[in-house]
Amino acid sequence: MLVNVSKLKKSFGEFDLFSEVSFSIDDKDKIGFIGINGAGKSTLLKILMGDMRYDGGEIFKNKMLKIGYLEQYACSESERTVLMK
């Protein structure tokens, strides 16, 4: 098992973004997060990476696991593309 999440909760003030979120990810799993804007997809990834705190629940990660994340707006130079060297 790479990741096991149990009863994860994240709130912003009085607004619960998500609560009671539980899932596990095994070595050969292929996953994707799908949802409307503001559903908590990026927040969940940031929590899994350790870049954001959560309000409740437990996260267990394999010690060898590395999670990468490229933000949607990581490049601020609008004239450059991924193909430019």
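The values are calculated or read from the model by the stated rules, or taken from the named source; none is laboratory data. What you see is a predicted model; the values in this text were computed from it and never measured. With ideal geometry, Cβ positions are generated from the backbone for all residues, glycine too; neighbour counts draw on all protein chains shown.
Is the stretch 40-53 home to any residue that is over 12 Å from the mean Cα position of the chain (by Cα), of a type outside the set (A, V, I, L, M, F, W, C) and either modelled with pLDDT under 90 or not in a strand (DSSP E or B) (or both)? No, the stretch 40-53 contains no residue that is over 12 Å from the mean Cα position of the chain (by Cα), of a type outside the set (A, V, I, L, M, F, W, C) and either modelled with pLDDT under 90 or not in a strand (DSSP E or B) (or both). Residues of the stretch 54-70 that are of a type outside the set (Asp, Glu), under 12 Å from Val3 (Cβ atoms) and part of a strand (DSSP E or B): Ile59, Phe60, Lys61. If you scan the stretch 54-85, which residues turn out to be among the hydroxyl-bearing types (Ser, Thr, Tyr) and modelled with pLDDT of 75 or more? Residues satisfying the conditions are Tyr54, Tyr69. Scan the stretch 1-25 for residues that are exposed (fewer than 10 other Cβ atoms within 10 Å of the Cβ) and not aromatic (Phe, Trp, Tyr) and jot them down. Gly13, Glu14, listed by residue number. Applying the set (1) over 22 Å from Leu65 (Cα atoms); (2) out of contact with any Gly (no Cβ under 7 Å at 6 or more places or on another chain) to Phe18 leaves exactly one unmet item: (2).
Cβ-Cβ contacts under 6 Å between residues 6 or more apart (or on different chains), taken from a first residue in the stretch 32-59 that is without any contact (Cβ under 8 Å) to a residue 60 or more places away in the chain to a second residue that is polar (S, T, N, Q), are listed as Asp55/Ser11; Gly57/Ser6; Glu58/Ser6. Of all the listed residues (Lys30, Lys10), the sole one being within 14 Å of the chain's Cα centre (by Cα) and modelled with pLDDT of 90 or more is Lys10.
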